[in-house]
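Asks: Dumping the structure here so I can ask a few things about it.
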Amino acid sequence: MIREILWWIFAAEAVLGALGMVLSRNPVGSLLSLVVTFFGLAAIYVLLGAFFISAIQVIVYAGAIMVLFLFVIMLLNLGHDYHADLRRGVWLVLGGLASGLIGFVLYRAVRTPSLELPSGLTSPLDELVQRQGAVGVIAAPLFRDFSVAFEVTSVLLLVAAIGAVVLAKRRV
Amino acid sequence: MLEAYAPILVLLAISVLNAVGMVVASHFLGPIRPTPVKRSPYESGITPLGDTRERFSVKFYMVAILFIVFDLETVFLIPWAVSFRTLGLFGFVEMLIFIAVLVVGFVYAWKKGALQWE
Amino acid sequence: MIQFPATNVPLHQVQPLSNTAFLIASVIKVVVVFTGVMVVVAYLTLLERWISAWIQDRLGPNRVGPRGILQPLADGLKNLVKEEMYPAKAANIYYILAPMLTGIPALMTFAVIPFASPLPIPGVGVVNMVVADLPIGILYILALTSLGVYGIVMAGWASNNKYAFLGGLRASAQMVSYEVALGMSLIPVFMLAGNVTLTQVVWAQQTMHLWYALPLGLAFFLFVVSAFAETNRLPFDLPEAESELITGYHTEYSSMKFSLFFIGEYSNMLTASAVMATLFLGGWDIPIWQGDNMIMIAPGVVAGAEPAWWKTLLTFGAFATKTGFFILLYMWVRWTVPRFRYDQVMHLGWKVMLPTALVFIVVTGTTILVLDALGIPYGLGFGLILTVVNAVVAAIFFMVIDRDRVISGASAHDRRRRRVDARLAMPVAVEEPEPAGIRD
């Protein structure tokens with residue numbers, strides 16, 4: 001019961017943040033709205049018993065990636081007013097594509113059996129968390145079962161680092 | 001486990017109330033008598049020249065990207081460190097490879113001067 | 001690292017808190033800790049002024065109340081009735097939002113730090129002396145620290161002032177750079193403690209009978225340095241360098257909005273000190289004495305020693321002493337060490353701290369694996385061997401970054417000076433270039 005009430009509150013927060021992100025005319029306003037959405041998501045992860053993911057959601061998305069976005073906004077001096085930079089036709093095509101994708105994802109989400117929110121204050125993960133810690137629970141599957149995916153992630157990060165240096169260095 | 005987060009909600013509410021209350025209170029208690037000179041940016045007494053919001057060096061952007069890369073590395077290191085002793089040698093070698101790949105990127109950025117600040 | 005249920009630790013069944021009692025206790029803890037942090041922050045500003053006065057051989061604040069003890073009250077009142085400034089062309093919403101975005105996370109960070117041993121209340125149960133014992137522990141602090149950037153960047157950007165903007169930019173790049181080093185220097189702690197909650201880290205240090213400052217000394221050093229940079233305190237106060245940026249990102253702020261930045265800075269300092277004390281100096285642990293080694297592993301189950309109210313009081317004293325030590329360190333450093341140049345800050349963060357932290361992680365990891373393979377149990381011996389390894393790594397580290405400047409210090413300098421003098425004493429026609437050793 002309490003979980004469901006909280007879920008509705010945070011889901012509403014996430015949706016409102018997303019709306020604010022799309023509707024805000026000021027890029028910085030958009031960015032802050034997106035941060036609000038991320039907080040809603042982090043809270044929902046907590047409700048699902050995924051404590052580590054919720055912390056990572058804030059540390060990585062709100063604390064790192066959004067800071068990069070803020071830098072880009074300020075770097076390009078986009079801070080004040082709004083100009084439409086794409087022509088109407090392009091907007092329609094892009095908007096249609098995006099809506100189609102979202103519709104497809106929603107359709108799939110409704111079709112698949114939904115994840116039940118655990119009832120009451122305790123969740124089935126709690127015992128595991130109690131024994132291994134919220135972070136320790138992640139470790140065994142991440143580093144044993146998905147070790148290849150984990151190693152490939154490092155290559156992805158390497159590409160990001162090198163890409164940034166190559167792109168930025170051209171002008172320095 | 002969920003109940004552990006309850007105090008955080010209370011604390012959040014108190015902190016927000018406190019911050020908003022302070023700003024609102026000083027808004028009503030203090031005088032507001034703006035003049036054009038008072039409102040102009042303070043630049044050590046010299047009349048401001050040009051636009052404030054200039055574009056700035058791409059260096060900052062590069063630092064932000066590198067920060068994301070290494071922040072993610074830290075995020076992966078945390079669960080590994082916590083279960084370090086149960087994962088044993090396999091986990092250690094695995095993480096050594098992961099770190100080695102990222103160190104390649106780090107050395108590249110270093111050699112290219114991305115970390116050099118003139 | 002002891003996995004529960006463990007056999008060699010006595011478990012005490014105590015009365016668990018009922019749901020209502022838990023809620024009431026939580027609210028009381030929240031209110032008390034929040035008020036406590038606010039009051040301590042107010043008095044830290046006074047302490048800082050007293051210490052600066054003492055270091056600079058002045059009197060310092062001594063007018064308001066006996067010996068100036070009421071100065072923070074007067075300051076608060078003054079800021080409340082000061083005129084508010086709204087700079088022209090400022091982005092107003094963000095201008096008002098920025099100080100709140102700095103103040104709110106700063107005041108919330110303290111929540112996960114355990115400040116005393118569990119307190120038994122007759123008839124009610126045992127209350128854990130931490131506001132919220134979150135399963136993610138220190139990650140909560142990392143998350144809130146990473147949000148601190150927003151307020152500062154936004155303040156600089158929204159004020160429409162070049163100096164404020166520069167300050168905000170510098171601050172963000174600096175905080176972001178040192179956040180990496182900060183996170184990396186925490187990894188060895190997690191490796192030893194096997195958990196991220198601060199209560200478990202304290203317990204892990206108690207069962208080792210050794211504070212992590214010794215076996216993980218280099219990580220401790222890196223953590224302290226990056227915490228200084230994260231809180232924008234001298235020698236890392238580039239974002240508000242008076243001599244070049246007026247006061248940096250909060251140049252255009254007045255009245256209570258300025259106060260919020262101030263409160264944010266000092267409560268960050270307080271929290272950082274408390275975290276250092278908890279992670280590396282055993283938190284509320286009293287050294288040598290075994291009677292305080294306990295942990296509440298579940299509602300109603302306490303492992304280790306028996307909880308008692310006087311133990312709670314004593315351990316709180318230990319915690320306050322350790323935190324106070326770091327606060328004094330902060331202030332002492334502020335009034336003695338000159339500010340870095342910005343390129344030096346970035347150089348130190350990326351080219352010195354980060355590689356060192358990585359190397360230290362690998363070295364500590366190897367040592368722990370070897371010790372585990374040898375079958376040495378987690379405890380004092382384990383810690384002492386790590387201490388020796390750490391001392392060797394730290395010695396190499398300091399020799400490398402020091403390059404004869406502090407450690408071999410004056411004698412090496414003298415030797416070089418004498419060599420130069422000898423060369424200069426000879427009759428030379430051309431001017432000698434200054435030897436590199438002296439210039440840096």
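Asks: Going through the stretch A:135-169 one residue at a time, which ones are more than 18 Å from B:W110 (Cβ to Cβ) and more than 8 Å from chain B (Cβ to nearest Cβ)?
Replies: Within the stretch A:135-169, the subset more than 18 Å from B:W110 (Cβ to Cβ) is A:135-153, A:155-156.
Listed by number, the residues that qualify are A:V137, A:P141, A:D145, A:F146, A:V148, A:A149, A:V152, A:L156.
Asks: Going through the stretch A:49-63 one residue at a time, which ones are among the hydroxyl-bearing types (S, T, Y) and crowded, with 23+ Cβ neighbours inside 10 Å?
Replies: Across the stretch A:49-63, the qualifying residue is only A:S54.
Asks: Looking at this structure, is C:Y150 of a type in the set (F, W, Y), under 20 Å from the mean Cα position of the chain (by Cα) and under 30 Å from C:A25 (Cα atoms)?
Replies: no
Asks: Then there is this: Please determine, by comparing only the residues of the stretch C:338-384 that are of a type in the set (S, T, N, Q) and at the interface with another protein chain (Cβ under 9 Å from one of its Cβ atoms), which one is nearest to A:A161 (Cα to Cα).
Replies: Once the filter is applied, the top-ranked residue is C:Q344.
Asks: Just checking, how many residues over the stretch C:253-281 are part of a loop (DSSP other than H, G, I, E, B) and either under 14 Å from the mean Cα position of the chain (by Cα) or at pLDDT 90 or above (or both)?
Replies: The total comes to 1.
Asks: Let me confirm something: among C:A308, C:A318, which residue is assigned by TED's automatic domain parsing to the domain that holds C:G282 and buried (at least 18 other Cβ atoms within 10 Å of the Cβ)?
Replies: Being assigned by TED's automatic domain parsing to the domain that holds C:G282 and buried (at least 18 other Cβ atoms within 10 Å of the Cβ) holds for just one of C:A308, C:A318, which is C:A318.
Asks: Tell me, please, whether a residue that is of a type in the set (D, E, K, R) and under 19 Å from the mean Cα position of the chain (by Cα) can be found in the stretch C:120-134.
Replies: no
Asks: May I pose another question? Checking C:G379 against (1) buried (at least 19 other Cβ atoms within 10 Å of the Cβ); (2) under 18 Å from C:L281 (Cα atoms), which single condition isn't satisfied?
Replies: Result: C:G379 fails condition (1) only.
Asks: Shifting gears a bit: Would you call C:T197 of a type in the set (S, T, Y), in the same structural domain as C:I152 (by TED's automatic domain parsing) and surrounded by fewer than 24 Cβ atoms within 10 Å (Cβ to Cβ)? Spell out the reasoning first.
Replies: Working: of a type in the set (S, T, Y): yes; in the same structural domain as C:I152 (by TED's automatic domain parsing): yes; surrounded by fewer than 24 Cβ atoms within 10 Å (Cβ to Cβ): no.
Judged against the criteria, C:T197 is not a match.
Asks: Among the residues of the stretch C:341-351, is any modelled with pLDDT under 85, part of a loop (DSSP other than H, G, I, E, B) and either in the same structural domain as C:I286 (by TED's automatic domain parsing) or surrounded by 19 or more Cβ atoms within 10 Å (Cβ to Cβ) (or both)?
Replies: The answer is yes; a qualifying residue exists.
Asks: Restricting to the stretch C:40-58, and then to whatever is among the β-branched types (V, I, T) and more than 19 Å from the chain's Cα centre (by Cα), can you tell me which residue is surrounded by the most Cβ atoms within 10 Å (Cβ to Cβ)?
Replies: Top of the filtered list is C:I51.
Asks: Pick from the stretch C:74-105 the residues that are of a type in the set (G, A, S) and more than 9 Å from chain B (Cβ to nearest Cβ): which of them is surrounded by the fewest Cβ atoms within 10 Å (Cβ to Cβ)?
Replies: C:A74
Asks: Only one of these conditions is not met by C:T145: (1) within 14 Å of chain A (Cβ to nearest Cβ); (2) in contact with a Leu (Cβ under 7 Å, 6 or more places away or on another chain). Which number is it?
Replies: Among (1) within 14 Å of chain A (Cβ to nearest Cβ); (2) in contact with a Leu (Cβ under 7 Å, 6 or more places away or on another chain), the lone unmet condition for C:T145 is (2).
Asks: Scan the helices (runs of 4 or more DSSP H) fully inside the stretch B:3-118 and keep the ones with 3 or more residues being more than 8 Å from chain C (Cβ to nearest Cβ).
Replies: Fully inside the stretch B:3-118 and qualifying: B:6-29, B:59-82, B:84-111.
Asks: Might you let me know whether the stretch C:176-192 holds any residue that is assigned to a loop (DSSP other than H, G, I, E, B), within 16 Å of C:F340 (Cα to Cα) and not charged (D, E, K, R)?
Replies: Residues of the stretch C:176-192 assigned to a loop (DSSP other than H, G, I, E, B): none.
Within the stretch C:176-192, not a single residue is assigned to a loop (DSSP other than H, G, I, E, B), within 16 Å of C:F340 (Cα to Cα) and not charged (D, E, K, R).
Asks: So if I check each of C:L119, C:L144, which one is of a type outside the set (V, I, T), at pLDDT 90 or above and in the same structural domain as C:T231 (by TED's automatic domain parsing)?
Replies: C:L144
Asks: Being without any contact (Cβ under 8 Å) to a residue 24 or more places away in the chain and of a type in the set (G, A, S) is the requirement here; does C:S172 meet it?
Replies: yes
Asks: Among the listed residues C:I396, C:I385, C:I376, which satisfies the condition of being part of a loop (DSSP other than H, G, I, E, B), without any contact (Cβ under 8 Å) to a residue 40 or more places away in the chain and of a type in the set (A, V, I, L, M, F, W, C)?
Replies: On inspection, the qualifying residue turns out to be C:I376.
The values are calculated or read from the model by the stated rules, or taken from the named source; none is laboratory data. Small disclaimer: the values here were computed from a predicted structure and weren't measured. So basically every Cβ, Gly included, is an ideal-geometry build from the backbone, and we count neighbours across all protein chains shown.
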